[in-house]
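> Please read through the structure below; I'll follow up with questions.
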Amino acid sequence: MFENLSDRLSQTLRQVGGKAHLSEDNIKAALRDVRMALLEADVALPVVKEFTDAVRQRAMGQEVSAALSPGQAFLKVVQAELQAALGDQNSALNLAVKPPAIILMAGLQGAGKTTTVAKLAKYLKEREKKSVLVVSADIYRPAAIKQLETLAAEVGVSFQPSDISQKPLAIVQAALKTAAASMHDVLIVDTAGRLAIDDAMMGEIGDLHKALDPAETLFVVDAMTGQDAANTAKAFGEVLPLTGVVLTKIDADTRGGAALSVRQVTGKPIKFMGVGEKVAALEPFHPDRIASRILGMGDMMSLIEEAEQNIDKRKAERLARKMKRGKSFDLEDFRDQLQQMKNMGGLGSMLEKMPGMSGMAEMAEQQVAQKQFGQMEAIINSMTPQERKHPDSLNGSRKRRITAGSGTQLQDLNRLMKQHKQMQKMMKKMKKGGMANMMRGLGGMSGQGGPAGMGGLPPGFK
C-alpha cells in the first residue's frame, strides 16, 4: 500500500532525520523532494502546496530550531501535517438515530460499490453487533442484484429482494418498511452506478436521498484512480450531502494520491478503506495510523486489532496451556499458526504494519507467497497424527510418502522442517500465548525502530 510514496518520503526524511542542525537551505531541499514525491503519487496540486507550505512554516519556526534533535523534530512535523491532510482522526459512522439507520452508498460503476455494501454489512454485524438488511436499487445492471444477494448470504445478513421491473424509489421504500417491521438496526442501500457522471444518475440518487433521509451517505471510490478520485468525489458532493468516503482497492494503490487528496478536496472524512477482495477486507480509516505507515513507522495498533479479530482464541489458549506444561511446539501447532497468518492477510500484510519492516513486506511476499502457505499445509496434512506430533521421527521412506501425497518435492519438506524449527525456538522463548502474544509483544516495541533481534520471527522469512 502506497509503496512508491512511502519509499520516496522515507528516503528523503531519513536524510534529514540524521542532521544535528537544520538550515533554511536543507529544509528547502527536503521539501522539494517531498513535493516531487507527492506529485508523482498523483496528489492534487492544491493539496501538495498546502501541505508543503504548512510543513515549511512549522519547520522554520521555533518548534524545530529549539528542539534537541532538529532532524527528528522535522520528521514529527511532517508526520503531524500528513495526518492532518488525511483527516486528523477516524470518523465513525453516525448510527445514533431511530432504527433503522439508513446508509446510502453512491459511486461510479466499477468502484466496488456492491462488494463494499457486503463488507460494510459484515463489519457492522460482527464489530458493532448490528442486525443489517441490504437492498439493491440498481435496476440497470441485473447482475448487481444477484451479486448482492449472493454476498449477503455469504456474510450472513438479510437481503431485500428487488427486480429490474421496479422503480428504484419503490424498491427502497419497500426495503424501509421491511427493515422497520423486522426491527433491523441498519438498512444499507446499494444504488446504481454509471461509467461516468451524468444528470440522470445524479437526479435519481438525489430523489432517493430525499425519500430516505439517510443517517450516512457514503461515496465509494477506487483509490487507484488517484487524483480523479478526489475530483469525482467532489462532483458527487455538490449534488449529495455526503457524510464520508470509502476508498476501495487501497491495498493495490502504490501511489496514495487518492487518500491524500480526497479529504482535502471534498472536506469529507475517509471513513473506511477496502484492503482486499475478501468480504472481511474492510478497515476503518485511521489517519494517524496511515500517516505512520506511509512514513515507514508501522501500524501496530491495526496489527494487534487484526490479531484479536482473526485469531482462534480456543486454539491460542490450548497452545498456551501446552507450552506452559513444557510440551514441544509440534507440526499441528505450526499448521494452526500458518492458518492464523493467512487469516491476517499473509506475511507481507503483517510486515507492512510492523515498525521499520514495511520495506521487507514485498520481499517477504515474494519469498513466502500465499500459495506457499497452502503448500506447507498440504505437506503437514499428508503426515499421520503421530508424525505431526513427533516430526523428528521422519525418515527417508516417510518423507517420500509425504511428498508424494502432497504433490511436493523433498526440498519443500526440508524447508518446512527448517521453518518449523525456527518457530519452535521462538515459541520456547515466548512460552505462552502463541500468535496473540506475539502481536502484543511486537506492540510493545512500536516506535523503537522495529522488531530487531526477533530473528526468524514469521515462519518462512529469514
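> Could you tell me how many of the residues in the range 141-181 are touching a residue at least 40 places away in the same chain (Cβ under 8 Å) and over 20 Å from Glu204 (Cβ atoms)?
Final tally of qualifying residues: 6.
> Any residue at all in the range 283-300 that is modelled with pLDDT of 60 or more, in a strand (DSSP E or B) and not assigned by TED's automatic domain parsing to the domain that holds Phe334?
Within the range 283-300, one or more residues are modelled with pLDDT of 60 or more, in a strand (DSSP E or B) and not assigned by TED's automatic domain parsing to the domain that holds Phe334.
> Something else: Does the range 216-232 include one or more residues that are among the small types (Gly, Ala, Ser), under 19 Å from Gln109 (Cα atoms), part of a loop (DSSP other than H, G, I, E, B) and assigned by TED's automatic domain parsing to the domain that holds Gly110?
Yes - at least one qualifying residue is present in the range 216-232.
> Moving to a separate point now. For the range 1-21, check the following and say yes or no: at least one residue is assigned to a loop (DSSP other than H, G, I, E, B) and either at pLDDT 80 or above or acidic (Asp, Glu) (or both).
No, the range 1-21 contains no residue that is assigned to a loop (DSSP other than H, G, I, E, B) and either at pLDDT 80 or above or acidic (Asp, Glu) (or both).
> Output the number of residues of the range 134-155 satisfying the condition of being within 22 Å of Thr217 (Cβ to Cβ) and over 29 Å from the mean Cα position of the chain (by Cα).
2
> Which residue pairs have Cβ atoms closer than 6 Å, lie 6 or more positions apart in sequence or on different chains, and pair a first residue in the range 271-289 that is without any contact (Cβ under 8 Å) to a residue 24 or more places away in the chain with a second residue that is in a strand (DSSP E or B)?
From the range 271-289, the pairs are Glu283/Met273.
Residues checked against (1) basic (Lys, Arg); (2) surrounded by fewer than 20 Cβ atoms within 10 Å (Cβ to Cβ); (3) at pLDDT 80 or above:
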| site | (1), (2), (3) |
| --- | --- |
| Phe219 | no, no, yes |
| Asp228 | no, yes, no |
| Glu238 | no, yes, yes |
| Gly244 | no, no, yes |
| Leu247 | no, no, yes |
| Gly267 | no, yes, yes |
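> Still on this structure: Find the residue count for the range 125-144, including only residues that are part of a loop (DSSP other than H, G, I, E, B), closer than 14 Å to Ile171 by Cβ and of a type outside the set (Gly, Ala, Ser).
Summing the residues that are part of a loop (DSSP other than H, G, I, E, B), closer than 14 Å to Ile171 by Cβ and of a type outside the set (Gly, Ala, Ser) in the range 125-144 gives 4.
> From Ser131, Ser158, Ser165, which residue is modelled with pLDDT under 90, more than 24 Å from Ile197 (Cβ to Cβ) and either surrounded by fewer than 16 Cβ atoms within 10 Å (Cβ to Cβ) or under 27 Å from the mean Cα position of the chain (by Cα) (or both)?
Criteria check complete, one pass: Ser165.
> Further, regarding this structure: Looking at this structure, is Lys353 closer than 26 Å to Arg293 by Cα, surrounded by 14 or more Cβ atoms within 10 Å (Cβ to Cβ) and modelled with pLDDT under 65?
yes
> How many of the residues making up the range 31-55 are over 14 Å from Leu82 (Cβ atoms) and surrounded by 18 or more Cβ atoms within 10 Å (Cβ to Cβ)?
Qualifying residue count for the region: 2.
> Which of the following residues is among the β-branched types (Val, Ile, Thr) and either modelled with pLDDT under 80 or outside any helix (DSSP H, G or I) (or both): Val34, Val43, Val47?
Val43
> Hey, can you tell me all the residues within the range 145-183 that are aliphatic (A, V, I, L, M) and assigned to a loop (DSSP other than H, G, I, E, B)?
Within the range 145-183, Val157, Ile164, Met183 meet the criteria.
The values are calculated or read from the model by the stated rules, or taken from the named source; none is laboratory data. This is a predicted model, so every value here is computed, not measured. So basically every Cβ, Gly included, is an ideal-geometry build from the backbone, and we count neighbours across all protein chains shown.
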